[in-house]
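Peer 1: Sharing a structure below in structure tokens format, with a few things to ask.
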Amino acid sequence: MVTLGDVAQKAGVSKATVSRTLNGDPAMVTTEATREKILRAASELGYQKRARQAEPSYEIAVIHKETHYQSRADNSYYFSIRYGIESLCHSQRVKCSFVPTTMLSELPTGLDGVIINGNYPQEQLEEICRGLGETPAVMISGMNTAPAGVDLITIDVVKCVNIALDHLAERGCRTLLYVGGKDVYKGCDCGNRLKAYRAYLAGHPQLREIGEVEGEYGIESGYKMMSGWLNAGKPLPDGVFASHDPIAVGALRALAERGISVPDRVRVVGINGDEIGSITAPPLTTVSVFTEAMGAEAVRTLLERIKDKEQPAKRVSFQPGLIQRQSS
């Protein structure tokens, strides 16, 4: 393909001069002879000017929590969703901005649509939606609920938990320890991983639970919870089920510091499919929820909603899948 540089070399002028001349820059001052030389070089080389990039088709915003992008290690889930959103927006010429909930008063005006990303207390979610008025909205949330008329991209929590526990059982585990993030949204447990864990154990009497530990989310919290269990001299399980990958990463660190071999002595499995799990020691077995695909699907669904505001609201959940690595 012939480039501006090729034309510039043949005409004996700078690439900037070629670009401004071929684009008809009114501020460009050059002699007629130079202009003719550039046009002749372009014609002889068969140069074709690239079309200008079209204007954005739509403008949307993504509402998120302030904490979602403060730590990539603890929030790989949200970074991956963001990558999926931005990639599809780029391919569809959609202008996209990210706005934390602490700055909702600064949402761009005249938006075509909004993606609400994350889990929120019902009162806060209703307040956000009221502020959007008639602006079409799609929600990405693991809680499996959304206000009326709002499309939902979500996670099949029960399926994720079942895949993780099926794997631990198949690997010979008979005693389990649950290490998870504490559910902070009371009255809405439809996305509660501990509830799904308990339901699974109730239907699988061959598995025996030796304890449940709940705390904050994140790697450091997972480390503290696992360390606390071990420091208290409590029994070591065959398998550790962590509700989220960052918690599992912290648990792996605590086990390693005490010389407890994974997976020879304890097997560890998490949920999310976070990127960080591929570089732990040993690499973490996890259930992927396909976060990048969730982000892209949120954009597709929002574009559908923008084009047809009367269509019924829908709920989309990708089939989760096991990523088996050396921790199990």
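Every number in this text was worked out from the coordinates using simple rules, so none of it is lab data. Given the structure is predicted, the values throughout are model-derived calculations rather than measurements. No Cβ is skipped: glycine too gets one built from the backbone with ideal geometry, and neighbour counts run over all protein chains shown.
Peer 1: Looking at this model, which pairs from Lys95/Lys159; Lys95/Lys314; Lys95/Lys195; Lys195/Lys307; Lys10/Lys95 are more than 31 angstrom apart at the alpha-carbon?
Peer 2: On the way: Lys95/Lys159 35 Å; Lys95/Lys314 24 Å; Lys95/Lys195 39 Å; Lys195/Lys307 38 Å; Lys10/Lys95 38 Å.
The pairs that break the limit, which is 31 Å between Cα atoms, are Lys95/Lys159; Lys95/Lys195; Lys195/Lys307; Lys10/Lys95.
Peer 1: In addition: What is the spin-label model distance, in nm, from Ala148 to Ala199 if the labels are put 7 Å beyond Cα along the C-beta direction?
Peer 2: Between Ala148 and Ala199, the simple spin-label model gives 2.6 nm.
Peer 1: Hey, another quick one. Within a 10 angstrom radius of the beta carbon, how do Phe290, Phe241, Phe318 rank from fewest other beta carbons to most?
Peer 2: Starting with the residue having the fewest Cβ neighbours, the order is Phe318, Phe290, Phe241.
Peer 1: With θ set to phi - 60° and the Karplus curve 6.51 cos²θ - 1.76 cosθ + 1.60, what are the ³J(HN,Hα) couplings of the stretch 315-322 in order, to the nearest whole Hz, using x for Gly and Pro?
Peer 2: Per residue, the Karplus-derived 3J(HN,Hα) values read 10, 10, 9, 7, 5, x, x, 6 Hz.
Peer 1: Around Gln326, with a cut-off of 13 angstrom between Cβ atoms, what is the net charge of the other residues, counting Lys and Arg +1 and Asp and Glu -1? Let's see the in-between values first.
Peer 2: On the way: positive: Arg171, Arg267, Arg325; negative: Asp264.
Within the 13 Å Cβ shell, the charges total +2.
Peer 1: Next up: Between Arg130 and Lys307, what is the label-to-label distance in nm when each label sits 7 Å out along the Cα-to-Cβ direction?
Peer 2: So the two model labels end up 3.4 nm from each other.
Peer 1: Now for a different question. Name the residues whose placed amide hydrogens come within less than 5 Å of the amide hydrogen of Ile155, ignoring near sequence neighbours (fewer than 5 apart) on the same chain.
Peer 2: The list, which skips near neighbours in sequence, is Asn144.
Peer 1: Quick check for me: using +1 on Lys/Arg Cβ and -1 on Asp/Glu Cβ, what's the dipole size of the chain about its Cα centre, in debye to the nearest 20?
Peer 2: Details: 37 positive and 38 negative charges, 148 e Å.
Roughly 720 debye for the chain.
Peer 1: Of the listed peptides 60-69, 7-16, what is their order by residue-averaged count of other C-beta atoms within 10 Å, with the highest listed first?
Peer 2: Packing order, densest peptide first, comes out as 60-69, 7-16.
Peer 1: Then there's this: Which length gain, in nm to one decimal place, applies between Arg93 and Lys49 when the Cα-Cα distance is subtracted from 0.36 nm times their residue separation?
Peer 2: 13.8 nm
Peer 1: Let me ask another. Once you list every other residue whose beta carbon is under 12 Å from the beta carbon of Arg267, what net charge do they have if Lys and Arg are +1 and Asp and Glu are -1?
Peer 2: With Lys, Arg at +1 and Asp, Glu at -1, the neighbours total +1.
Peer 1: Under a Cβ-only charge scheme (Lys and Arg +1, Asp and Glu -1), can you give me the dipole magnitude of the stretch 58-193 about the Cα centre, in debye to the nearest 20?
Peer 2: 480 debye
Peer 1: Right, here's the next one. With n ≥ 4 as the cut-off for DSSP H runs, can you work out [θ] at 222 nm for the chain, using -39500 (n - 2.57) per run divided by the number of residues, rounded to the nearest 500?
Peer 2: Details: 10 runs with 124 residues, N = 328.
Rounded to the nearest 500, it is -12000 deg cm²/dmol.
Peer 1: What FRET efficiency would be calculated for the residue pair Leu39, Thr109, taking the C-beta separation as r and a Förster radius of 35 Å, to the nearest 0.05?
Peer 2: Once the sixth-power term is evaluated, E becomes 0.20.
Peer 1: Using Cα-Cα distances under 8 Å and only pairs 6 or more residues apart, what relative contact order does the stretch 157-288 have, in percent?
Peer 2: After rounding, I find 27 percent.
Peer 1: For a quick check: with amide H placed at 1.01 Å from N, whose amide H comes under 5 Å from Ile323's, ignoring anything fewer than 5 positions away on the same chain?
Peer 2: Thr286, Val287, Ser288
Peer 1: Straight-line reach from Lys37: which aspartates and glutamates have a Cα under 14 Å away, not including same-chain ones fewer than 8 places off?
Peer 2: Of all the aspartates and glutamates, those that pass the test against Lys37 - Cα under 14 Å, at least 8 places apart if same chain - are Asp6.
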